[in-house]
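Here's the structure we're looking at; comments come further down.
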Amino acid sequence: MILIQKHILPLVLISSALNNPVAAAPVAQVVIKENTPGHFTLLRDGKPIRINGAGGTGHLKDLVKYGGNSIRTWGVESLEQKFEGKPLLDYCQELGITVTAGIWIGHARHGFNYSDEAQLKKQRDVVRAAVRKYKNHPALLMWGLGNEMEGPESDGKDARIWKELNVLAGIVKEEDPGHPVMTVIAGAAGSKVKGILEHYPNIDVLGVNAYGGASGAVRACKQAGWKKPFVLTEFGPQGHWEVAKTSWGAPIEPSSRNKAASYYATMSLLTENSDICLGSYVFLWGQKQEVTSTWYGMFLASGEKLPTVDAAC
């Protein structure tokens, strides 16, 4: 049954529900409960859920096999990808996986101007349309509003970005009060966290992408004054910008053993910080060519898993 305001079901939705069992599933209500000051639990239809997730859309049956329960995407176009003939959200629902649906937000370093009213309006319209289109899907866990839009090397002091995200989060909440809003930043720099605290009150969850410093990300956010829920939205081995280089300037890739140790250490520390941490998404559940073909991916291109899969799960 699809829940629609005023309890009116257009004929097109009735037809869709009859032909698609996923469409007929009830919308999951997702809330964050503060049990005691500074201690949070994510509830999905009243049941506690801790995110044991992965970034990416590959090897989803393997994700379930290894105990994963959620995936994270970066842009809404991913939700239209087909898997065994089904859209991603439908496929995840059948597998029992939730989705943090990313909505891509413009990056200033890529040409987006946060002082251009025309660009801002267009982006607001895109966000509103995306939320309206997908908010009633039962696999939806939360909205991932933006990913590193402030820039990895930014000090986070450009208030225009945080203020606009506050406007966008308000739009998301207006259209869909039933799912939390998370925004993801690059690293846990105190200046970024403080900028969000000052200019972005509509945020529900802070997501942080961190690699070499992943194990200390929760602590760094707390030291900057963060008291709301937190998710480690990307973590993995040391990044290629964090390692030693050869004499000719090429970054030296960590060994498979060292990578696995990094994943395991991060997962262990997240468990110890479960007061504000709702869980994590490993990076990357699949294969990715970035610097090398094996640096970040947790699977080979031929499909075999790497030791990081066992370490993270």
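Just so you know, all these numbers are worked out from the coordinates, no wet-lab data involved. Model, not experiment: these values are computed from the prediction. No Cβ is skipped: glycine too gets one built from the backbone with ideal geometry, and neighbour counts run over all protein chains shown.
What is segment 51-312 by shape, rounded, prolate or oblate, if you read a ≥ b ≥ c off the alpha carbon gyration tensor as root eigenvalues and call it rounded for a/c under 1.5, prolate for a/b larger than b/c, and oblate otherwise?
Numbers: a/c = 1.55, a/b = 1.19, b/c = 1.31.
Verdict is oblate for segment 51-312.
So which GluC sites (Glu not before Pro) in segment 76-108 are both in a DSSP loop and have at most 10 other Cβ atoms within 10 Å of their Cβ?
Details: sites: E77, E80, E84, E94; in loops: E84.
Within segment 76-108, the qualifying GluC sites (Glu not before Pro) (loop, at most 10 other Cβ atoms within 10 Å) are E84.
Can you say what percent of the DSSP beta bridges in the chain, counting only those with both residues inside, are antiparallel? Round to 5. Each step should come with its number before you reach the end.
Working: 13 of 42 bridges.
Taking every DSSP beta bridge with both residues in the chain, the antiparallel ones total about 30 percent.
Once you keep just the Cα pairs under 8 angstrom separated by 6 or more residues, what percentage relative contact order results for the chain?
On the way: 601 pairs, mean separation 51.4, N = 313.
Reported as a whole number, the value is 16 percent.
May I ask you to list the lysines whose Cα is less than 23 Å away from that of K86, ignoring any residue fewer than eight positions away on the same chain?
The qualifying lysines are K61, K65, K133, K135.
Show that you can apply the helix-only estimate: for the chain, add -39,500 (n - 2.57) for every DSSP H stretch of four or more residues, divide by all residues, and state [θ] at 222 nm to the nearest 500.
Values: 10 runs with 102 residues, N = 313.
Dividing the helical sum by the residues of the chain leaves -9500 deg cm²/dmol.
Given the peptides 153-161, 272-280, arrange them by the average over their residues of other C-beta atoms within 10 Å, most packed first.
On the way: 153-161: 16.1, 272-280: 18.8.
Packing proxy ranking, top to bottom: 272-280, 153-161.
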